[in-house]
Every structure is written in C-alpha cells, then in structure tokens.
Amino acid sequence: MQHVSLRGLLALIRSRLQRGVLTAVFVVACLACSAYVVFAKGLGDHPTLVLAILYQVLVFGCYGALWLLMEQVFCKDQPSPSQAFWHLVVAAAVASAIFVAVVTIIPGGFNDDGEPLAISTVAQSALIAPAFFGFAVLLLLRFRELLLHRRTRAAIRSWRLMLIALIVNAGASGLFGVFPESVLNEPVRIITGLVLLVFIAINVFRVSWVVRLSAGRKGLTILMALLVMLFSALLIVSPSNDLQAVDAFGFGFGVPAAFLSTYNAGLHAFAVGAGRFGIIYCLTSILSLLFHLPTTSDYRRREGEMAAIYSLTDLVKEVFDLDKLVRTIVSSSVNAHSATSAWLTVPDPESGLLRPQMVAAHNIQRSVVESKVNSEALYDDAASAQETLYLKYARSDHRVRARPGDSIESLLIVPLAAHQSVLGVLFVAKDIARGFNGEDIQSINAFAAQAALALDNARLFERQIERERLARELAIARDVQQRLLPQRLPTCPHLDIAVLSAPAQEVGGDYYDFVQLDDERLAFIVGDVSGKGTSAAFYMAGMQGVFRSLTRITPNPLEFLVRANRVLSESMERNVFISVIYGIVDRQKQQIALARAGHCPAILARRNEPAAFLRSQGPGIGLFRGADFPELVEVKSVSMVPGDIMVFYTDGLVESRNASGDEYGYKRLLASVERLRHEDAATIHKALLDDLQQFMGSSSRYDDDMTLLVFRWRKATQA
Amino acid sequence: MSNFSVAFHGRDNVMVLALKGELDAHTATELEEAIEKCKTDQAFRIVIDGTLLAYISSAGLGVFMAFIEEIRAEEGDIKIASLQPRVYNVFDLLGFPLLFDIVDTVDEAVQRFAAGSATSEQGV
C-alpha cells in the first residue's frame, strides 16, 4: 500500500510541477508577446526580421504551453456529450464576457480596412487574443472526446492528421505574416487551408455518441450546439470583409477576429481553422441529433433488451434461487420487450412427469392464463419443434380462447432449451395483433437462450444441493442401521461366534441378531428383506423390533415365526417378504432348534459327516398371510457336539458374481465349509470371505447385501 | 441397456409371458408393466415361461406376489413353467411352490388351465 501511495504521490508532484512550469512558460511568454505587439505595432516601427521571427517562435511556444496546460486541466476525465457542449457554452460566455469588458473599458477600434486605430487597440488585442485562443483550444479538446467516442485506430489517425493540418496552416500564416509580400504567401495559405478543410470533412462525421443520448438530452444538446456554432462563427468572421456587416448589427467595436489578426496572423489562422471545424462539427451534430430523435425510443429499447440479458447473467452468478430466477425471467421479458404479459411453464418438477406447470406469470393472473390459453398444447408444439412459435393473431388460434379484452392478441411461445433438452417454455403476449417484429423475436430468442442457461445452472445447483442432502441423510441412516445390529457378540461358553454384515448400498435389508434369553438359551436370527436399499432397510428395522420383543415372549421357533409373520404381514407391501432363519441355542440340551422361513438353508458340518444343507420347509415371511402359514413351517432340532459347525448366510453371498458373470453358488460354499470344518469360527469366517473375494476378483463389488454368521460348538469347560 | 425382456403370445385363451434375461430390482418394473397389460386386456390366465430366465432376485419374485391375489380374484392364475434349475431353486427356497403352480413345461401349464376350467365347468 505504502509503495503505491508513494508512487501516487510522485505522480501528483510531477503533474503539479508540469502544470507549474507550463503556467510559468505561458505567463512569461504571453507577457513578452503582448509587450512585443504593443511596442512593435503600437509604435508603428517595422521590427527587424530576427525579432519578427523570434516573436513567431515565442507565440508558438506560448500558446503551445497553453494547449498543454488546458489539456492537463480539462482532460482528466471524459465528459459526456452534453457536458462537453456545456463546457463550450460556458467557455464561450467567459470569452464573450472578457471581450465585452475589454472593448468597453479600453477605448479602441479599427478603420474600415481592419487596421487598428490606436495603440490601445493593440492592448485590447493582447487581452482578447488569449481568451479566444483558449476557447478554440477547448473546442478542439472537447470535440476530440466526441470524435473519439469510439476509439478506433482510423479515428485517432484522422484526428491527428487534422491537427497537423491545422498547425501547418497556422504556421504558414504566421510565417507569411513576417513576409507578407512573398509570392508564395497566397498559394501556400490557400493550399494548406484546403488540406485542412479536407481533414475537417473527414472528421466531422464521427458522431456515434449521438445515438446513446435520451430524447431530452438530444434536444438540450441541439440548443447548446447552436450556441457553440454561433460563437465559433465569431472566430472566423474575416476582419477586412465582414466588418461592415458585423458593425451593421450595432456592435460598433469590431469583431474578435480583428483583434486576433492584429495580435498574430498565425494565431488568427489557427482560430479560424478551429472555428470552421467547430461550425461544421456542430452542424453535423445538430443534424445527426435531429435525425436520431425519432429513433431514440428504439435505441433505448434495444439497450433495455441487452440490459435484460445482462441482468439475467448477473442473476446466474449471484442467486441460485429458482423461484426468483423464474420471476425475473418473466418480468424481464415483459419490461425489456415492451410486451403486455409473460408467463413461464416448466415440466412439473414435483410429479416428475413432463406435464408442464406454470411457475411464474407477470402482468397476468395465472387463472386467466389457465382458462384462456391451452399452454400445454402450445408447450408441446414449441418444445417438440424446439423452435419459437409466433401466433400473429393469437385469438384466431384454436389453442387460445382469449376474448378482445384479454390483452392476448399476439403471442410468442419460446422454448428455453439448454443441452438439447427443453427446460421450459416462455410465453410472451402483446395486446395488439402482429405485435412482434422480426427484431423483437430475435431479441426474445437471445434472451431465451440466456434464460435457459440460467435455469439450467440453477437446476444443476439445486440438484447438487439435493444430492448432498440425500447423501447426508443416507449416511445418518447407515449409522442408525448399524446400531440396529448387535454392538457386541454374546459371550457363550459353549459357542464360538463370528459374524459380518455388509450392505450393498448405504443401507440394506440384511439382519442378524442375538438375544440371551436366560443362562441356557440364546435366541438368534438371520434375515434378508426382499429388494435392497431404503425400503428394505425400513422393513429390516421392523424385523429387528419384532425379534427383540417377540423372542422373549414366544421363543419357540414355530410360534415365533407364526406371530412374526402375522405382525409383519400387516405392515408389509404385498410384493415384499422377509426370509429368515430363527433358532434357539440351548446349552443344557446341547442342541440348536431352528426354523427356516424362505431363507437360504444353513450348512451343518460335523466332525465325521460331510457338510450338508439343513433344508427344512418354510415359506418366507409375508408370502402366506392367512391361517395356513403354521402348517407350512417345519422346525428342526440339531444336537450339537463340540467341533460341530453351523453356517448361516444371505443370498448376497451365494449370488455374488465374478467378472465373467458366474455365481459363487451353493456348491462352492458347501465345499469351502467342508474344507474348513476343522478350523475355529473366526478362521472359518475369514477364510470363507477370502475365498469369496478371490472368486470375485479385485474388480467386482458386492451388488447385494451380504451377511455371514458362523457358529462352532465347543466344550463348555474350555470357557 | 436392460438385459431383460418380456415377450407376449396368446395360446388357447392363455397369455404366455416369455421372460428373457435377468429379473431383478431394476428390471422388475418391466414385468410389472407386462402383467398390468394383461390385466387391462382382461387376460387373467397367465403362464410365465422361464426357459430363458437366467436369474431372479427377491425383488423379481415380489412381482408375482404383488399380482397373484388380484389375478386369482378374477378367476385367473399365474402359473410358472420351464424354470432353469438354478432359478427354480430360488423360487423353491422361498416357498413359492406352496403358493404357485410351478410346472416343467409351458404346455403343461396351458393344459392345467384347460383342465382347471373343465373341472370348474363340471363343478358348475
């Protein structure tokens, strides 16, 4: 910051210094010039050639400094067109005031040939000339801003060429003021004057600033341009020829140009050149302003249309509020295109159907639109064609039922399409037939393209937010579901237990649980709700509640399944069922009593028997909802001796598929259990999962919930 | 995209739905739509031809559950025929044979419809 401010300070000091030096140069040179004029002309002496040339150089330096000084003071910031003219009017008034004051206070005058009558006339000149020259410089500086309103290389070049022509012309005049009798005098002055005129002609048509003014500003600027033109005329009135005419108006003290001419011929030529340029430029400006007056409203509208598009772009950046966006779209399309009303329909986001729904309306009641216009049919036609539909005589269209007072005489139906899909359709109505011309339609289409992008962005943003919210919800659901599973395994002296359950998605329908009924008995369950994901997770939670409460009341496998079937069937959809294996591990009886309800059969592996499936009859919970269920369920009691293994699993395990589409399958599982039956529960469990992983290969993932539970009976004394 | 399809063909007053591919949670809606169509066409005698059905998940089984009561209320039935052993095993484990007529061939299923209507006519 310090560095920057230091730099700023240096720049300030430098500009102040420059200004001071320029002012000093101007004041000193001006005084010297005035002194020279008064002495040389006033006394009537013919100065020496050297002195005359020195004077010309001095004048050049003096007014060059004035130019630079004024450029520094007045060109710090760019004035608006009307401001530029205003500055010139003020400058003209100041110069006029100086002129009037000088000719009133100091007596003087010219003879009929434009020659000064007295030495006081020369003194008058020394005061009037800087004022008028100052005006000429300001005229050029201000008009430069207007000419270069649209800065192009060509504009800057022709401006510079005109200035050079002006200076050359003035220089030639100054030079031949020293040698008035030279044969080259007239030809050179005429040629340079003509060249200057050509460059003026090239420059004066740069009036592009005109179109942007409002109608009021245009009128005001015309008036000011007239004043500036009149004052510029004073600069060019030739002292010798036009004096009579000017005096005829009764001024009685000559024209400013006469004083300038007396002061310095070069300066006079410069002022005349600037004045000519000023007059012609004012004239073209006035004409151009007059011609553009009637098109002002059109231009304003065009600007409004552009502004509407930009405002929409701004909105996209700042607000991701879909509601505000659609309201802006309809209000902008009315305001920017001088339409009567507008409304927007989009595919119904709630129902997910493609039936369009009105989301915003401007200047018209939604109920009016709904009763008067078949927006749906128009939507379909515009959306399927992906093209703007224009009803020039809306009331004669079969899809519009509007009557004369309804202000729907012409109607534009514009699809808002982004990424090849129609996001909505914009309806813009006007209260006159054939209310939209080609340009209107073009501009509304451009607006619609922007609006579609804005809508698309807002949608994507909203969808992203929704996705994140859902992901959070699912993460919570996953945590909750994990808590529904036992947090600790029961400690049984006679039983090794190893278990794992992994949902395919965040939540799933697999379930296992244990309840220690008393010292001797442990109730257990392995279940699988049909389907997967959220709905399965809810039914799994229901199953958990039923198991935890019911098993203490009716631990008997048959009774438990019958009651669970009754309770759960009441709340389950018809196409949902739960497969379970429920059982009681009894330490005293050394047996496991279990019942299967539609579930994958458990595997029993004994020391001296091959591993086998325990396939008892029993339909899944929810399949039979009537009284016939109990008869279909079979309970098996298996006596257990130390080393006996029982394996429970869900279909996610046997149906896991590898990259080539083969299922892991029952046979493979049975063989693995057979192979591992001498290991302890944890080893078997881990080895089975490893085997599955190996089968599936690294690339595959589980696409179903999967649970694996291994029991191994052991000698109670080991505990 | 979908690796499941349903082909319809009518036979002796029976609508045969030949399933092909894998019937799971994603493709279950296709079978649902097919059976809905049978319902609107008043074709309540339905045979599911499972010859080309390679896989069925529990969500797929749910479709049959969802419709069976309605269909039977209309004096119709869903009979399942010609399942591959692996697919039959899934039906069997859940206890579907207790609830559905599951037969070896489509012909047999169609015949059972014919026999069923004959006995019911006799009964009347």
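The values are calculated or read from the model by the stated rules, or taken from the named source; none is laboratory data. All values derive from a computational prediction rather than experimental measurement. Please note: Cβ atoms are built from the backbone with ideal geometry, for glycine as well, and neighbour counts cover all protein chains shown. Heavy atoms of the whole protein, side chains included, go into the accessibility calculation; ligands, DNA and RNA do not. Shrake-Rupley method; radii C 1.70, N 1.55, O 1.52, S 1.80 Å.
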* Other protein chain Cβ atoms within 10 Å, averaged over every residue that makes up B:20-28 -> 2
* Give the calculated FRET efficiency between A:D519 and B:A114 to the nearest 0.05, with a Förster radius of 56 Å applied to their Cβ-Cβ distance. => 0.35
* Determine the total buried accessible area between chain A and chain B, counting protein heavy atoms only with a 1.4 Å probe; round to the nearest 100 Å². => 1900
* To do: Could you provide, to the nearest whole Å², the per residue accessible area of chain A with probe 1.4 Å?
  => 49
* Asked: Helix B:28-40: angle to the longest alpha-carbon principal axis of chain B, degrees 0 to 90, nearest 10?
  -> 20
* Structure fact -> Once the dipole of chain A is set up from charges on Cβ (+1 Lys and Arg, -1 Asp and Glu), the residue from the list A:F39, A:G527, A:N363 lying farthest towards its positive end is A:F39
* Asked: Counting partner chain Cβ atoms within 10 Å of every residue's Cβ in A:573-579, what's the average?
  -> 6
* Out of A:G275, A:S338, A:P493, whose Cα points farthest toward the positive end of the dipole of the protein assembly as shown (charges: +1 Lys, Arg; -1 Asp, Glu; placed on Cβ)? -> A:G275
* Asked: Label points 7 Å out from Cα along the Cβ direction at A:V21 and A:Q464: separation in nm?
  -> 5.7
* To do: Kindly list the residues of the range A:66-90 that lie in the label zone of A:Y299, defined by a backbone N under 16 Å from the point 7 Å along the Cα-to-C-beta vector.
  => A:80-85
* **Given charges at beta-carbon only (K, R positive; D, E negative), |dipole| of chain A in Debye** => 840
* Asked: Helix-derived [θ] at 222 nm for chain A: sum -39500 (n - 2.57) over DSSP H runs of at least 4, divide by residue count, nearest 500?
  -> -19000 deg cm²/dmol
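What order, most packed first, do the peptides A:481-489, A:121-129, A:629-637 have when packing is the mean number of other Cβ atoms within 10 Å of each residue?
Ranking the peptides A:481-489, A:121-129, A:629-637 by packing returns A:121-129, A:629-637, A:481-489.
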* **Percent of C-alpha pairs per 20 Å bin, chain A, short to long** => 13, 23, 16, 17, 12, 12, 6, 0
* Asked: In the full protein assembly as shown, how much of A:F74 is accessible to a 1.4 Å probe, in Å² to the nearest 10?
  -> 80
* To do: Mind checking the full-extension length gain between A:Q83 and A:R403? Use 0.36 nm per residue of separation minus the Cα-Cα distance, one decimal, nm.
  => 110.1 nm
* Using the membrane-span-like helix rule (whole DSSP H runs, Cα extent along the own axis of at least 24 Å, mean Kyte-Doolittle hydropathy at least 0.0), which helices of chain A qualify? -> A:2-42, A:49-74, A:81-105, A:119-147, A:153-178, A:185-203, A:215-236, A:265-292, A:534-553
* To do: Note down the magnitude of the dipole of the range A:2-294 about its Cα centre, charges +1 on Lys and Arg C-beta and -1 on Asp and Glu C-beta and zero elsewhere, to the nearest 20 debye.
  => 1780
* Asked: For the protein assembly as shown, with the dipole built from +1 on Lys and Arg beta-carbon atoms and -1 on Asp and Glu ones, taken about the Cα centre, which of A:P79, A:I164, A:F538 lies farthest toward the positive end?
  -> A:I164
* Asked: To the nearest Å, what is the center-to-center distance of the range A:563-612 and the range A:448-526, using C-alpha atoms only?
  -> 23
* Taking the simple approach of a point 7 Å from Cα along Cα-to-Cβ for both A:M306 and A:L194, what is their distance in nm? -> 4.2
* Asked: Ranked from highest to lowest mean number of other Cβ atoms within 10 Å per residue, what is the order of the peptides A:705-711, A:562-568?
  -> A:705-711, A:562-568
* For B:N89 and A:L689, what is the calculated FRET efficiency with R₀ set at 22 Å and r taken between the beta-carbons, to the nearest 0.05? -> 0.45
* To do: Would you mind putting A:325-335, A:199-209 in packing order, based on average other-beta-carbon counts within 10 Å, highest first?
  => A:325-335, A:199-209
* Asked: For A:F205 and A:E186 in the same chain, what is the full-extension length gain: residue separation times 0.36 nm, less their Cα-Cα distance, in nm?
  -> 3.9 nm
* **Lys, Arg +1 and Asp, Glu -1 on Cβ, resulting dipole of the range A:316-464 about Cα centre, debye, nearest 20** => 280
* **Antiparallel %, DSSP beta bridges [both residues in chain A], to 5** => 100
* Structure fact -> For A:T104 and B:D107, extending 7 Å from Cα along the Cα-Cβ vector and measuring point to point gives, in nm, a value of 13.1
* Straight-line reach from B:K39: which lysines have a Cα under 29 Å away, not including same-chain ones fewer than 8 places off? -> A:K532, B:K20, B:K79
* Structure fact -> The percentage of the accessible area of the range A:2-294 (probe 1.4 Å, all protein chains present) made up of carbon and sulfur atoms, to the nearest whole number, is 71
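Report the calculated FRET efficiency for A:Q72 and A:T48 (r = Cβ-Cβ distance, R0 = 41 Å), to the nearest 0.05.
According to the calculation, E is roughly 0.70.
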* Please average, across the residues of A:528-534, the number of beta carbons from any other chain that are within 10 Å of each residue's own beta carbon, and give a whole number. => 4
